[in-house]
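Written below as structure tokens is the structure these notes are about.
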Amino acid sequence: MDMKLELVPVPVSDVDRAKVFYVEKVGFHADHDVQPGNGMRVVQLTPPGSACSIVIGTGMGEISEMRPGTVKGLHLVVADIHKAREALASRGVEVGEVDDPTSVTLMATRGHCRKCQLISNEGFLAAETGQSPNV
């Protein structure tokens, strides 16, 4: 049986500001922005080339009750971390320097791996590039 992760909720304090950040600065596609009523707003955003999206919004029960900045460890996988970092920085995204970790644990579990952080006011997403281990 196939299982696919297709939607990850990311809590934000300001839906409009977060949408601008992810769409205009990071380059996500705005799939949906609907307001079905009763204070609910659902905004689905997808990174280019990804089968998995994030959802931000209001009035979505437990999802909306999550604190902004509490989702950690999401990864955006790119072919060239240096080009991705340069492109994001040129759009005004605060990005950390590319880190070449030498941790034996990380290298053993992830293969060759480089990462940097994309910073938003709500927390961060890490961008990562690497080669899967042949284990």
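The values are calculated or read from the model by the stated rules, or taken from the named source; none is laboratory data. Computed from a predicted structure; not experimentally measured. With ideal geometry, Cβ positions are generated from the backbone for all residues, glycine too; neighbour counts draw on all protein chains shown.
Surrounded by 12 or more Cβ atoms within 10 Å (Cβ to Cβ), in contact with a helix residue (DSSP H, G or I) (Cβ under 7 Å, 6 or more places away or on another chain) and either outside the structural domain of Asp2 (by TED's automatic domain parsing) or farther than 21 Å from Glu6 by Cα (or both): does that describe Leu45? Walk me through it before giving the result.
On the way: surrounded by 12 or more Cβ atoms within 10 Å (Cβ to Cβ): yes; in contact with a helix residue (DSSP H, G or I) (Cβ under 7 Å, 6 or more places away or on another chain): yes; either outside the structural domain of Asp2 (by TED's automatic domain parsing) or farther than 21 Å from Glu6 by Cα (or both): no.
When the stated conditions are applied, Leu45 does not pass them.
Sort through Thr70, Thr58 and tell me the only one that's among the hydroxyl-bearing types (Ser, Thr, Tyr), exposed (fewer than 14 other Cβ atoms within 10 Å of the Cβ) and touching a strand residue (DSSP E or B) at 6+ places or on another chain (Cβ under 9 Å).
Thr70 is the lone residue from the list that is among the hydroxyl-bearing types (Ser, Thr, Tyr), exposed (fewer than 14 other Cβ atoms within 10 Å of the Cβ) and touching a strand residue (DSSP E or B) at 6+ places or on another chain (Cβ under 9 Å).
From the list Ile54, Ile63, exactly one residue is at pLDDT below 95 and either part of a strand (DSSP E or B) or in contact with a Cys (Cβ under 9 Å, 6 or more places away or on another chain) (or both). Which is it?
None of the other options fit; the residue is Ile54.
Considering the stretch 1-50 alone, what residues qualify as being part of a helix (DSSP H, G or I), in contact (Cβ under 8 Å) with a residue 24 or more places away in the chain and not small (Gly, Ala, Ser)?
Of everything in the stretch 1-50, those that are part of a helix (DSSP H, G or I), in contact (Cβ under 8 Å) with a residue 24 or more places away in the chain and not small (Gly, Ala, Ser) turn out to be Val15, Arg17, Lys19, Phe21, Tyr22, Glu24, Lys25, Val26.
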